[in-house]
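Peer 1: Next up is a structure, given as structure tokens.
The values are calculated or read from the model by the stated rules, or taken from the named source; none is laboratory data. The structure presented is a predicted model; accordingly, all values stated were derived computationally and were not measured. Virtual Cβ from ideal backbone geometry, glycine too; neighbours counted across all protein chains shown.
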Amino acid sequence: MATVLIVGAGGVGRVVAHKCVQNARTFVKIVLASRTLSKCETIQKELPQGAVEIACVNADHTEDVIALIKKVGADILINVALPYQDLTLMDACIATGIDYVDTANYEHPNEAKFEYKMQWAKDTAFKKAGVMALLGSGFDPGATNVFCAYAQKHYFDEIHTIDILDCNAGDHGYAFATNFNPEINLREVSSKGRYWEDGTWIETEPMAIHMPWDYPEIGIKESYLLYHEEMESLVQHIEGLRRIRFFMTFSESYLMHMKALENVGMLGIEPVEHRGQRIVPIEFLKTLLPDPATLGARTKGKTNIGVVVQGIKNGKQRKIYIYQVSDHEACFRDVKAQAVSYTTGVPAMIGAKLMVEKRWYDKGVFNMEQFDPDPFMQEMRDQGLPWNVREL
Ligand code: NDP
């Protein structure tokens, strides 16, 4: 049905490539392109011969992406490079009139601040080009937005509070490593916390608010309040919402290392002078840390990501928990990647699949919760991300 161009051959790109191949009836031609061709070659070799074509592209250069889209005849682009490339890749899609999917909202490399503003501003251009952009089709953002839409559709007349709860209880055996791009991950978790209540954003010191939460199939884990991007769109689209917060678990070892690295300046995003060379500390740290794409083979344990939603149904108070548990080793068996990459890459493929099959389709720029959640929830079950609903 469609030719898909996947941009980015990291941990998530690997999962998207494998999953598109598993859905070859929808994705009749699959092209994997990234900055470093050897990373595409490694993934290509894991898949049946001829299943995936590869290409080298620098996604910072819109003209190069436009040329590649034209050369391969892409109908849809899945951006699983970095958030820095969101705008250039969206522009390439507008210029060539093809659909766009990503998993993380735009962030400027020189400012650790992510927001949808600049991507939402491209709505008119996408409408004019007659194509669609689906923003944040990973797990969180992504599946968590769909969980909220599903709660709204099937369980509530009015939603009052949402807590998004993200636990990775995986163990890779390293003292310190991040499960997705270290630079993006560390920028996110070392920033100030923020949540939304009664129409205003409330800022907290990093990791200042925390609580224990009992994650099904994992157990009790201390969970820390962070700002996370799906809240920006959910406050716009969930009616009656009074409060939304996001919590993530971290091991003591992770927090201790992060604090020490921060204290010595290793998380800095401003260049420093070192022996006549200018280096960005966090970029150098990325070079030292294990590549997340290599963690798959050694990670054991589970992830559990879900939403606790509270509100009113038929005049009565109600609280439900929708969550998804993934097992790192089972994910590795399926696509040679650990669960954090898996739970991001599978929803990215599902978002693209629903668009190609015109089950989720409209012209313009959209967030996940703006579409009917049912087909996405069904695809999650079919594609390796079974979920549960529990009344609390
Ligand atoms: P990785 O760092 O493992 O992979 C990123 C890939 O993008 C690498 O292959 C990299 O190439 C490539 N890339 C970077 N810059 C460019 C460029 N200018 N042109 C072409 N290719 C480029 O990251 P992950 O796979 O872990 O994450 C991918 C995305 O998924 C990120 O945006 C991340 O924020 C997002 N994510 C979303 C989640 C969600 O639930 N929504 C959860 C986890 C991640 P090279 O090897 O040359 O550097």
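Peer 1: Can residue 57 be described as at pLDDT 95 or above, touching a helix residue (DSSP H, G or I) at 6+ places or on another chain (Cβ under 7 Å) and within 13 Å of the ligand (Cβ to nearest atom)?
Peer 2: Details: at pLDDT 95 or above: yes; touching a helix residue (DSSP H, G or I) at 6+ places or on another chain (Cβ under 7 Å): yes; within 13 Å of the ligand (Cβ to nearest atom): yes.
Spelling it out, residue 57 is indeed at pLDDT 95 or above, touching a helix residue (DSSP H, G or I) at 6+ places or on another chain (Cβ under 7 Å) and within 13 Å of the ligand (Cβ to nearest atom).
Peer 1: Which residues, counting only those in region 119-137, are of a type in the set (Lys, Arg) and in a helix (DSSP H, G or I)?
Peer 2: Applying the first criterion (of a type in the set (Lys, Arg)) to region 119-137 yields 122, 127-128.
Correct list: 127, 128.
Peer 1: Restricting to region 200-216, give me the number of residues that are among the aromatic types (Phe, Trp, Tyr) and over 27 Å from residue 326 (Cβ atoms). Talk me through it step by step, then tell me what you get.
Peer 2: Initially, region 200-216 is screened for residues among the aromatic types (Phe, Trp, Tyr), giving 201, 213, 215.
Within this subset, residues satisfying the condition of being over 27 Å from residue 326 (Cβ atoms) are 201.
Qualifying residue count for the region: 1.
Peer 1: Are any residues in region 291-309 surrounded by 19 or more Cβ atoms within 10 Å (Cβ to Cβ) and either away from the ligand (no atom under 16 Å from the Cβ) or part of a strand (DSSP E or B) (or both), and if so, which ones? Spell out the reasoning first.
Peer 2: Residues of region 291-309 that are surrounded by 19 or more Cβ atoms within 10 Å (Cβ to Cβ), as a first pass: 292-293, 295-296, 299, 302-309.
Across region 291-309, the qualifying residues are 302, 303, 304, 305, 306, 307, 308, 309.
Peer 1: A further question on this structure: Can you give me the number of residues within region 60-96 that are surrounded by fewer than 24 Cβ atoms within 10 Å (Cβ to Cβ), part of a loop (DSSP other than H, G, I, E, B) and either within 15 Å of the ligand (Cβ to nearest atom) or not charged (D, E, K, R) (or both)?
Peer 2: Residues flagged as surrounded by fewer than 24 Cβ atoms within 10 Å (Cβ to Cβ), part of a loop (DSSP other than H, G, I, E, B) and either within 15 Å of the ligand (Cβ to nearest atom) or not charged (D, E, K, R) (or both) within region 60-96 amount to 4.
Peer 1: Would you confirm whether or not region 138-156 contains a residue that is within 30 Å of residue 310 (Cβ to Cβ), β-branched (Val, Ile, Thr) and in a loop (DSSP other than H, G, I, E, B)?
Peer 2: Of the residues in region 138-156, the ones within 30 Å of residue 310 (Cβ to Cβ) are 138-156.
Right, trim to β-branched (Val, Ile, Thr) and you get 144, 146.
Retained after the next criterion (residues that are in a loop (DSSP other than H, G, I, E, B)): none.
So far as region 138-156 goes, no, none of its residues is within 30 Å of residue 310 (Cβ to Cβ), β-branched (Val, Ile, Thr) and in a loop (DSSP other than H, G, I, E, B).
Peer 1: Of all the residues that make up region 97-112, how many are of a type in the set (Asp, Glu), more than 10 Å from the ligand (Cβ to nearest atom) and surrounded by 19 or more Cβ atoms within 10 Å (Cβ to Cβ)?
Peer 2: Taking region 97-112 and keeping what is of a type in the set (Asp, Glu), we get 99, 102, 107, 111.
Within this subset, residues satisfying the condition of being more than 10 Å from the ligand (Cβ to nearest atom) are 99, 111.
Narrowing further to those that are surrounded by 19 or more Cβ atoms within 10 Å (Cβ to Cβ): 99.
Qualifying residue count for the region: 1.
Peer 1: Mind counting the residues in region 268-304 that are over 15 Å from residue 186 (Cβ atoms) and over 24 Å from the mean Cα position of the chain (by Cα)? Show your work before the answer.
Peer 2: Kept after step one, since they are over 15 Å from residue 186 (Cβ atoms), are these residues of region 268-304: 271-279, 293-304.
From what is left, the residues that are over 24 Å from the mean Cα position of the chain (by Cα) are 271-279.
Residues meeting the conditions: 9.
Peer 1: Let me ask something additional. Inspect region 228-247 for any residue being among the basic types (Lys, Arg) and buried (at least 21 other Cβ atoms within 10 Å of the Cβ) and give the result as yes or no.
Peer 2: Residues of region 228-247 that are among the basic types (Lys, Arg), as a first pass: 242-243, 245.
The next check asks that each one be buried (at least 21 other Cβ atoms within 10 Å of the Cβ); those that pass are 245.
Yes, because at least one residue in region 228-247 is among the basic types (Lys, Arg) and buried (at least 21 other Cβ atoms within 10 Å of the Cβ).
Peer 1: Next question, about the same structure. Go through region 351-383 and give me each residue that's in a loop (DSSP other than H, G, I, E, B) and in contact with a Ser or Thr (Cβ under 8 Å, 6 or more places away or on another chain).
Peer 2: Filtering region 351-383 for residues in a loop (DSSP other than H, G, I, E, B) gives 357-363, 371-372, 383.
357, the sole residue that qualifies.
Peer 1: Residues that are free of Cβ contacts under 8 Å to residues at least 60 places away in the same chain and surrounded by fewer than 23 Cβ atoms within 10 Å (Cβ to Cβ): does region 13-20 have at least one? Outline the logic, then answer.
Peer 2: At the first step, the residues of region 13-20 found to be free of Cβ contacts under 8 Å to residues at least 60 places away in the same chain are 17.
If we keep only those that are surrounded by fewer than 23 Cβ atoms within 10 Å (Cβ to Cβ) too, we end up with none.
Looking through region 13-20, none of the residues is free of Cβ contacts under 8 Å to residues at least 60 places away in the same chain and surrounded by fewer than 23 Cβ atoms within 10 Å (Cβ to Cβ).
So that you can scan it fast, the table gives a plain yes or no per residue for (1) out of contact with any strand residue (DSSP E or B) (no Cβ under 9 Å at 6 or more places or on another chain); (2) hydroxyl-bearing (Ser, Thr, Tyr); (3) in contact (Cβ under 8 Å) with a residue 12 or more places away in the chain:
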{"residue": "296", "(1), (2), (3)": "yes, no, yes"}
{"residue": "301", "(1), (2), (3)": "no, no, yes"}
{"residue": "305", "(1), (2), (3)": "no, no, yes"}
{"residue": "316", "(1), (2), (3)": "yes, no, no"}
{"residue": "320", "(1), (2), (3)": "no, no, yes"}
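Peer 1: So residue 317 clears everything in (1) away from the ligand (no atom under 16 Å from the Cβ); (2) more than 23 Å from residue 215 (Cα to Cα); (3) surrounded by fewer than 16 Cβ atoms within 10 Å (Cβ to Cβ) except one condition, right? Which one?
Peer 2: Here residue 317 meets the rest and fails (2).
Peer 1: Being basic (Lys, Arg) and within 22 Å of the chain's Cα centre (by Cα) is the filter; apply it to region 1-46 and report the residue that is nearest to the ligand (Cβ to nearest atom).
Peer 2: Quick first cut of region 1-46, residues basic (Lys, Arg) only: 14, 19, 25, 29, 35, 39, 45.
The next check asks that each one be within 22 Å of the chain's Cα centre (by Cα); those that pass are 14, 19, 35, 39.
Values: 14: 8, 19: 14, 35: 3, 39: 5 Å.
Checking each candidate, the answer is 35.
Peer 1: Sticking with this one: Residue by residue through region 271-290, note down the ones that are free of Cβ contacts under 8 Å to residues at least 12 places away in the same chain, in a loop (DSSP other than H, G, I, E, B) and within 18 Å of residue 84 (Cβ to Cβ).
Peer 2: Correct list: 271 only.
Peer 1: Here is a follow-up. Quick check, is residue 74 touching a helix residue (DSSP H, G or I) at 6+ places or on another chain (Cβ under 6 Å) and at pLDDT 95 or above?
Peer 2: Working: touching a helix residue (DSSP H, G or I) at 6+ places or on another chain (Cβ under 6 Å): no; at pLDDT 95 or above: yes.
No; evaluated as a whole, the condition is false for this residue.
Peer 1: Which pairs do you get when a residue that is over 13 Å from residue 53 (Cβ atoms), found in region 22-40, comes within reach of a residue that is within 16 Å of the ligand (Cβ to nearest atom) and not aliphatic (A, V, I, L, M), reach meaning Cβ atoms under 6 angstrom, with the pair 6+ apart or on two chains?
Peer 2: 35/58
Peer 1: Give the number of residues within region 337-392 that are basic (Lys, Arg), touching a residue at least 40 places away in the same chain (Cβ under 8 Å) and surrounded by fewer than 15 Cβ atoms within 10 Å (Cβ to Cβ).
Peer 2: Matching residues across region 337-392 total 1.
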